[in-house]
Each structure stands twice: as C-alpha cells, then as structure tokens.
Amino acid sequence: MGAWISSKKADAVWIAVVGPPAGGKTSLIQALRGEEDTQELSTSQSQSPFNHPKFPNVTIWEFQSHNLSVSKLDPYDIFIIVSPVDVFAAESVKLAKEAQTKGKVCYLVRTKIDDDLPRFSSTFSSINDLNRFLAHITSECAQCLQEEGVEPSLLFLVSNTNPQIYQLSLLQDTLEEKIKELDRVWDCTVRPGLDLAVFGDHWSGKSSFINAVRGLQADSEAAAKIGQEFPCTEPVVYSFPRYSNVRIWELPPIGLSVQPEKYLKEVNGKNYGIIFIIASEIFKDHHGQLAKALQGPDRTVIFVRNKIESDLEAFKQRHKSNYEESSFLKELREFSVSCLLKHGVQKPVVYLLSNLDTGKFDFPLLWAQIKNHPEVIKREIFDRIGQAKQDSLKHVFEEGGLPNLVSQILSCGLEQNDIVVNVGVIGEAGAGKSSLVNALRGVPDDHPGAAPTGVTETTVVPSPYPHPAFHHIVLWDLPGLGTLDFQPESYREKVGFHRYDFFIIVASERFKASHATLAKWIQESGAHFYFARSKIDNDVAACQRQQGPITDQHETLHKIREEAVNYLTQQGVHSPQVFLISSPFFKDYDSKQLQETLERDVPKFRKQAFLKSIHPVCSGFITRKRDSLSAEVWKLALFSSVAAAVPVPGVALLCDMGILSRNLPFYYKCFGLDEESLKRISADVQKPLEDLKAQMRSPQATYINIPLLYKFLSSGPGMGLMAGEFLIHRVPIFGSVTAGGIAFTVAKRILTGLIHSLAADAEQILHWVIQSQVG
C-alpha cells in the first residue's frame, strides 16, 4: 500500500534514523524500503519522512546530522542509530543511551562495511573467514559502545553499495517483527488480507459508515471520529475488531472537480479489494467518474446511499395517507441506479443504509459482501486451528522438517473433535431450505430460534444455526439461487462457497440443471454433498389424486428416487446420494436415513475440515523456511563473485560447482525432499514413492553428481556464469571486476531460485498429502 505518510500518530509507528552527515542514512532507508540506492539528500529540512512499503501506518524519519535532541524522543517508537565507522559519534551515543534508558527500541547500524574489505579480502577463503571478518567489525563497534555505556546487543552491519549482502535482511526482519509487536499497525504485504476503501464527499457520513461496518459505537475508543470540521487529507486506516487481516480505509474527500486518475494515484485507489462510494444525497457526476476509473475484474465497487432516515421522514410527511416504506425504498434505489447509469457506470449495485441502525435496510446484504470475501473466509478457516496446535506443528516442522510435519498432521487428523464443521443447506428459492434446517435441528418453524420460513424467499444472507445433537456442527441456511440478489453469475462469490465443509442440495420438485450446476461448483470447492428432495408429501398426495389410493407407497418413493438419481447421473454427478424428505412430516420418508448418514459421516467431515484448515498454517511454515534460507544466500554468492574476479579461466565455474555440491544436499534436507525424507512420507501416507516424486518439479537427486550440477548451472540464470567466464577472456583488464558483479548476481539468483523451487515442491507435496487424506 501507499505512497503517503500517516498523519495520525495514535494509530502509527514512527522510526527515527539518526547519524552524521554522509553516514549512509538515506541509502539505508532506501534499502529498508526495497528501493534502489540514491545519494544522500541535500535538503534544508531537519527531518524527512518516508512511508514503509509493507506497513501503511509506519513512517521512517531521516534526521539530517544530529538534529533529533534528547528532549524530543517521545513521539518516536524505534531508533536506528547509524555510523559509517567503528566509533559512533558522541551525539549518537548520547541519543542511544537516553533512548535505552526510556525503554525505547534502539538498533545500532554500522554502515559502509565495504570500505573495510580491502583490509580483509585477501584472507577470505571460506565462509568462516567471512564470519570472522563480520565478528571483528562487530566486536570493535561493541567495545566502543560499551565504553560509552550503550548496550550494543542489537548491532547490524550493512553495505551501502550492495544491500543484498551482510545483515540488512536480518535488520529488516527484526524491525518488522518489532513493528508487529507494537499492535498499532496492519501489515498489507507480509500477511494476506482484505483492504476496503471508503470514498465520498465531506459530510457524506464516511466515518459513521466505517464505525457501523466495524460494529463500533461513535463513542468507542477505537471508533472513527465523526463530525470533524476538517476532512482527512490522507488515507486513514482502521482495523476490524474480529478479523485481523481486514483493514478499512477512509479516503480524502473526492471533490466536484476530481481528476480520477490523479486522485487514485495519490491514494493508491486501485490497491483495494472492495470499494465503497458513499453519497448522502444524489449520486453526481464526480461519483460516476471515480467509479468508472475504479471498476475492474479484480475489485468490487459498491455504492452506498446512506442517511436514509431523513429521506424516509421527509417522504412520510409528504405522503401521510398512503405512506409505504417498501415502495419508497424501491423508488430511491431505482433513482440512484438511474443516476449512476446516466454517468456511465456499468451495472451499479446500490445499498440503502442507516448508519444508526445496522439491522435495517440493506446493511445485512452489504455485510455479507465483506464476510463472504475469500480473504475473510481464509481468516476464518485459519482461525479454526487453535494457537496451541499451530505452535505445536511449527515446533515439529522446525525440529524434523516435512516428514515430521506430515506425521503430526496425520495423527492430529484422527482426533479433531473440537473442529467446527460448516454444513451449507443450499438450493433454489422456495425449495424448503429453512424448513429443513429447522427439522434437522428438531425445532418447529415458529420456534423463537428457528430459521425464518415463508412462501417467498426469506433468507437474504447466509445464516448459521448450531445443531443441538451433533457437537460442533453448524447448519447454514443459504440464500436461494435465482433470486434478484443472487443470480447464478455472482452466486458463489456472494454466498462464499469455500466457508462450508459439506452441502445439502435441496429441491422441492424435480431436480434440474441448476442443481447439477450447484453440485459442480461444490465439487470445485473440494467439498462433498447430499441431495434432498423436499416436500415429498406433496408428490405422494399428487399420485393419490391421479392414481387413486396408493397400495405400495414404497414403490412410488423408489420410482421418484430412481428418476432423480438417473437425471443427476446424466448431468455428470458421480454416485449422487438422494434423500426424500418432508419437513412437516419429518419422521416419515428418508429423514431417519438422512440423519444416520449425516451422523456416520461427521467424523469424515471433521477430518476434512481439519485438513482444510491446517493447509494454510503449514504452508506458512514452508514459506518462512524458504525466506530464512534465502536470507543467507548472499554469503555463498559473495564467494562466487570473488572467484569470478580471479582472471584464471575456469576458476569461477569450479567455485560454483563446489558451492552447489556442498549446499544442494543441505537444501533438499531442509525441505524434506531428500530420498530418506521422501521414503518416510511415502510410508506414512501409504502411497508409492514414485507418486510422491511425481509431484516435484526440481531435479530429483538420489545423490549429487556432476551431471546434476551442470543441469543447474546451464539452466536459465545459470548461463550468467558462462558470461562471467567470457568477460574474463575478452576484457582481461576490467573483465574481472565486471565478472565479479555478474557472478554475485547470478549465483544469488541461482541459489535463491533453487530454494524457491524446492519450497514450491514441498508445498505441492503437502497439498498432495492433504488431498490424499480428504477423499
């Protein structure tokens, strides 16, 4: 997210970077932000702000010279004290001591390490030599700091000319972990999530809308401030109390003379997943211009016409004798849509809201749009696995890699009685879904806690109902397919298919193509399903009217069931399970078989739900392993560059052959892709070893040999090594310097690519193992 600086310190983290002139502060900040290096800024300002690319509410302040006095420490949460030499300046030491005394986070950074290389490079012949060089610099700095009374425990060595080497990545990781601990920011890059943006004019009710969506009252401590005389001039972000990966942004007012592309660039308007454009009166041309610039396949644009209460009151005063709320709301919605269409907006969706009462009007439908977004569902699925279980699995992976993790997953999957299983009851409008939910729960339709029923579609949002008998089973009454708000093209997204672990597809008459389509969608989501033919008592009564008293009811039911199974099979549904039921006469027909089958399958559903939830958790372990290994690649690549700089033909290639031969077995072992680990996984899942290996895309090495090394070196980026050799021969004077730079970049790319490739293989094997257990 954004190239903007937060103006709300209460919701932000401020980082101060302090050090002498030309000490490498700007280069360090640019490297921390992942940008190309620039020269030190020549500015008269005493301080310069920079946004953090991963954390929107984190501001990095660069102080020219030592302008940050001890008396001004309080606004800053983290200090980075910079020095280009081993002896930190007196002003820096004074600032560090005071910051540490006040309990502030203080990192000490020794920059320009490259300047020390001439004194040591001749002694580098191994990784140990490099580590000794770093330890020497660290020791010199630490000794100077300790003599001045500064605790040097958090000291980092960085290069200003090549930020890929030394300890910059360690500093980045340490800084980001500390930022997360402060609990005042929301990570938009490291952690996946959903960003909502609220656009509108000043006084349109954006802040009230944000509070309503977050479920907060205006006087809550964390609520957005309403009634502010001056609007926000920069995006302001708010967290969601329930979903840690959802953020909602209040954007500066649009304005009548808005230039959409310029405005959206300033506020990163195209980086949000769901866009809300709010108007408290008529939607105008500038709303339409903004919407046209925002509409696209990767984001949802929703129009909100709020403050409906005042409109209703005015309408009521004018039409006292024939006031009808539903007619007025319909007219208002149609008028709003017509205004947007006139301004060129395609298929506008308008919700009518009251910010004062979130239970009225279209608020439940709008909230369902957020709740059923894939990122929100991912969070819900992720949260089904308790923190203690996640920590246990993480420990197992760190200790024994993928084989131990797979073994633990398999054993955990057998005893997950605390996992909630979500069962979606789905079908066309009026099929009797709500009545079936009530019948399965054993409550009458008029019970206070029953799902609402009626002759028309009464379910407008997915509604959960816990099952009283089956522990941790939640029945979801889902909106009917084919209603005005739930057309086939958007039904899956609005209902949120991936939230549910199992489905019951309900039809009140013959099964149709729409039911087969539902089955196909469910199969694509990886879930299983039953078919329920509801209102079967009506079919029996119709047969009696047509054929007279039925002598053999079982034969009639068998014929109906057989016809349904044959039709669904013809539509491509494999082995459909069909139950004939009647909610008013639930003890009759197939209700007993349905309940017994459901009870029998509950352990299977629970295991599937566990495996579905555990997958993203374990994928995170693999990603962190990949990133930690990638962070150390620079050391190996540095030796490749040193060898390439030696003007002796073949030295670089031999060096890189040695690097690969020593490290390939280690990387395979780290990800559990070596032969021994694969055999263990194969035995645990009781699948052939060859099936397991078929999931891998990286070269499969029983042992590391010369042909395998050549395969790595001659593939893709590896050809750069040959370019280094070429430069040595063709340009003997400058070639060694150029070749060293090429070799570093190429070697780092090869090794990083290898690590990412192995991580992808480990992820694919994890996915394959989980899928093998689901069926």
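Quick one: with all protein chains in place, what share of the accessible area of the stretch 441-520 is carbon or sulfur, to the nearest percent (1.4 Å probe)? Carbon and sulfur: 57 percent of the exposed surface of the stretch 441-520.
For the stretch 552-614, trypsin sites (Lys or Arg not before Pro) meeting the loop criterion (DSSP other than H, G, I, E, B) and having at most 12 other Cβ atoms within 10 Å: K587.
At a Förster radius of 22 Å, what calculated FRET efficiency corresponds to the Cβ-Cβ distance of W367 and A469, to the nearest 0.05? So, using R0 = 22 Å, E works out to roughly 0.15. The antiparallel fraction among DSSP beta bridges confined to the stretch 472-579 stands at about 10%. Bridging of K180 to lysines at a Cα separation below 18 Å is possible for K8, K9, K54, K104, once same-chain residues fewer than 8 apart are set aside.
Candidates S435, I409, N422 compared by Cα position along the dipole of the stretch 385-438: farthest toward the positive end lies S435, with charges placed on Cβ.
Projecting the Cα atoms of V573, Q553, F585 onto the dipole axis of the stretch 515-616, where Lys and Arg carry +1 and Asp and Glu carry -1 at the beta carbon, places V573 farthest toward the positive end.
Can you find, among F199, V213, I275, the residue sitting farthest towards the positive end of the charge dipole of the stretch 159-295, where Lys and Arg contribute +1 and Asp and Glu -1 at Cβ? Positive-end residue among those listed: I275. Computed packing ranks the peptides 491-504, 96-109, 679-692, 219-232 as 491-504, 96-109, 679-692, 219-232, most packed first, by mean other Cβ atoms within 10 Å. In a simple Cβ point-charge model (Lys, Arg +1; Asp, Glu -1; nothing else charged), the stretch 342-390 has a dipole of about 160 debye relative to its Cα centre. For the stretch 143-262, the solvent-accessible area with a 1.4 angstrom probe is 48 square angstrom per residue.
Packing-based ranking of 758-765, 663-670 yields 758-765, 663-670, ordered from highest to lowest mean Cβ neighbour count within 10 Å.
For the stretch 247-311, the dipole from Cβ point charges (+1 on Lys and Arg, -1 on Asp and Glu) about the Cα centre works out to 220 debye, to the nearest 20.
Computed from the C-beta positions of E632 and E524 and an R0 of 51 Å, the FRET efficiency is 0.80 to the nearest 0.05.
Remark: the stretch 505-546 carries a charge dipole of roughly 100 debye about the Cα centre, counting +1 on each Lys and Arg Cβ and -1 on each Asp and Glu Cβ.
Within the assembled protein chains, the solvent-accessible surface assigned to F605 is about 0 Å², based on a 1.4 Å probe.
Relative to one another, the C-alpha centroids of the stretch 246-271 and the stretch 506-547 are positioned 47 Å apart. Using the Cβ-Cβ distance between S310 and R510 with R0 set to 45 Å, the FRET efficiency works out to roughly 0.35.
The values are calculated or read from the model by the stated rules, or taken from the named source; none is laboratory data. Only a predicted model underlies this, so the values are computations on that prediction, with no experimental measurement involved. Every residue, glycine as well, gets a Cβ built from its backbone with ideal geometry; the counts of neighbours run over all protein chains shown. Heads up: the accessible areas ignore ligands, DNA and RNA and are worked out on the full protein's heavy atoms, side chains in. Shrake-Rupley method; radii C 1.70, N 1.55, O 1.52, S 1.80 Å.
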